[in-house]
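A.B. asks: I'd like to ask some things about the structure below.
The values are calculated or read from the model by the stated rules, or taken from the named source; none is laboratory data. Everything quoted here is computed from the prediction, not taken from an experiment. Because the Cβ atoms are built from the backbone with ideal geometry, glycine has one as well, and the counts that use them run over all protein chains shown.
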Amino acid sequence: MKVLNPLVSKRLWVLLSLAVLIPVGFYSKAYHGPGFQWVNANGGGFFYVIFWCLVIFGMLPTLRPLNIAVVVVVLTCLVEFSQLLHHPILSYVRSTFIGQTVFGRTFSWYDMPFYGAGGLCAFLWLMWIDR
């Protein structure tokens with residue numbers, strides 16, 4: 001039996017992970033069950049950070065998982081702070097579903113712990129893939 005190249009194997013695990021994570025992340029924005037306000041407003045940030053960590057690791061599988069997770073959490077926090085800016089271009093982008101999903105609409109301090117938790121989970125997930 002032929003063994004896959006380690007980089008190919010990592011990328012396959014990343015693709016499989018994204019195939020599961022993307023629908024879950026989008027569903028978190030449409031969820032209407034118990035605690036839906038929390039899930040819609042804050043829970044998506046958790047999946048957002050994991051998504052970007054997986055994408056970066058899929059493109060650059062030789063990077064260290066910890067570095068990826070830290071950079072993504074910091075950049076995600078910067079995107080959160082950018083929601084305090086109301087430039088017409090940003091407002092236009094945020095008026096679309098994808099724009100809201102990627103850049104958000106309103107600033108919230110409550111999102112920060114979820115970004116951190118997503119970064120920790122992503123780090124562990126990437127370490128598992130990288131094994």
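A.B. asks: In the stretch 57-82, how many are free of Cβ contacts under 8 Å to residues at least 24 places away in the same chain and in a helix (DSSP H, G or I)?
C.D. replies: 7
A.B. asks: Which ones in the stretch 4-43 are within 11 Å of residue 114 (Cβ to Cβ) and either in contact (Cβ under 8 Å) with a residue 60 or more places away in the chain or part of a loop (DSSP other than H, G, I, E, B) (or both)?
C.D. replies: Going residue by residue through the stretch 4-43, those that are within 11 Å of residue 114 (Cβ to Cβ) are 28, 38-39, 41-43.
Answer for the stretch 4-43, where residues must be within 11 Å of residue 114 (Cβ to Cβ) and either in contact (Cβ under 8 Å) with a residue 60 or more places away in the chain or part of a loop (DSSP other than H, G, I, E, B) (or both): 41, 42, 43.
A.B. asks: Another one. Given the condition surrounded by fewer than 13 Cβ atoms within 10 Å (Cβ to Cβ) and either polar (S, T, N, Q) or out of contact with any Asp or Glu (no Cβ under 9 Å at 6 or more places or on another chain) (or both), answer yes or no: does some residue in the stretch 43-59 qualify?
C.D. replies: As a first pass, look at the stretch 43-59 and keep what is surrounded by fewer than 13 Cβ atoms within 10 Å (Cβ to Cβ): 59.
Restricting the remaining residues to those that are either polar (S, T, N, Q) or out of contact with any Asp or Glu (no Cβ under 9 Å at 6 or more places or on another chain) (or both) gives 59.
Yes, that holds for at least one residue.
A.B. asks: Oh, and also: Across the stretch 29-42, what is the total count of residues that are of a type in the set (Ser, Thr, Tyr) and either in contact with a Leu (Cβ under 9 Å, 6 or more places away or on another chain) or surrounded by 18 or more Cβ atoms within 10 Å (Cβ to Cβ) (or both)? Step through it out loud before you land on a result.
C.D. replies: Keep residues of the stretch 29-42 that are of a type in the set (Ser, Thr, Tyr), which gives 31.
Filter once more, keeping what is either in contact with a Leu (Cβ under 9 Å, 6 or more places away or on another chain) or surrounded by 18 or more Cβ atoms within 10 Å (Cβ to Cβ) (or both): none.
Looking only at that region, the number is 0.
A.B. asks: What are the residues in the stretch 67-99 that are exposed (fewer than 11 other Cβ atoms within 10 Å of the Cβ) and β-branched (Val, Ile, Thr), if any?
C.D. replies: Selection gives 89, 98.
A.B. asks: Does residue 92 satisfy the condition of being in contact (Cβ under 8 Å) with a residue 40 or more places away in the chain and not β-branched (Val, Ile, Thr)?
C.D. replies: Details: in contact (Cβ under 8 Å) with a residue 40 or more places away in the chain: no; not β-branched (Val, Ile, Thr): yes.
No: the conditions fail for residue 92.
A.B. asks: Here's a follow-up. Among (1) under 30 Å from residue 8 (Cβ atoms); (2) basic (Lys, Arg); (3) crowded, with 17+ Cβ neighbours inside 10 Å, where does residue 64 come up short?
C.D. replies: All conditions are met except number (3).
A.B. asks: Continuing with this model, one more query. Kindly evaluate residue 70 against the criterion of being of a type in the set (A, V, I, L, M, F, W, C) and under 26 Å from residue 108 (Cβ atoms). Please lay out each step first, then the result.
C.D. replies: Values: of a type in the set (A, V, I, L, M, F, W, C): yes; under 26 Å from residue 108 (Cβ atoms): yes.
Spelling it out, residue 70 is indeed of a type in the set (A, V, I, L, M, F, W, C) and under 26 Å from residue 108 (Cβ atoms).
A.B. asks: What is the residue count in the stretch 83-110 for residues that are more than 17 Å from residue 41 (Cα to Cα) and assigned to a helix (DSSP H, G or I)? So that I can check it myself, show each step before the final result.
C.D. replies: Step one: filter the stretch 83-110 for residues more than 17 Å from residue 41 (Cα to Cα), giving 85-93.
Then keep just the ones that are assigned to a helix (DSSP H, G or I); that gives 88-93.
The qualifying residues number 6.
A.B. asks: Looking at (1) farther than 18 Å from residue 15 by Cβ; (2) out of contact with any Leu (no Cβ under 8 Å at 6 or more places or on another chain); (3) modelled with pLDDT under 95, which one does residue 131 not meet, given that it meets all the others?
C.D. replies: (1) is the only condition that residue 131 fails.
A.B. asks: Here's another thing I want to ask about it. Run residue 100 past the list (1) within 23 Å of residue 16 (Cβ to Cβ); (2) out of contact with any Phe, Trp or Tyr (no Cβ under 8 Å at 6 or more places or on another chain) and report the number of the one that doesn't hold.
C.D. replies: Only one criterion is unmet by residue 100, namely (1).
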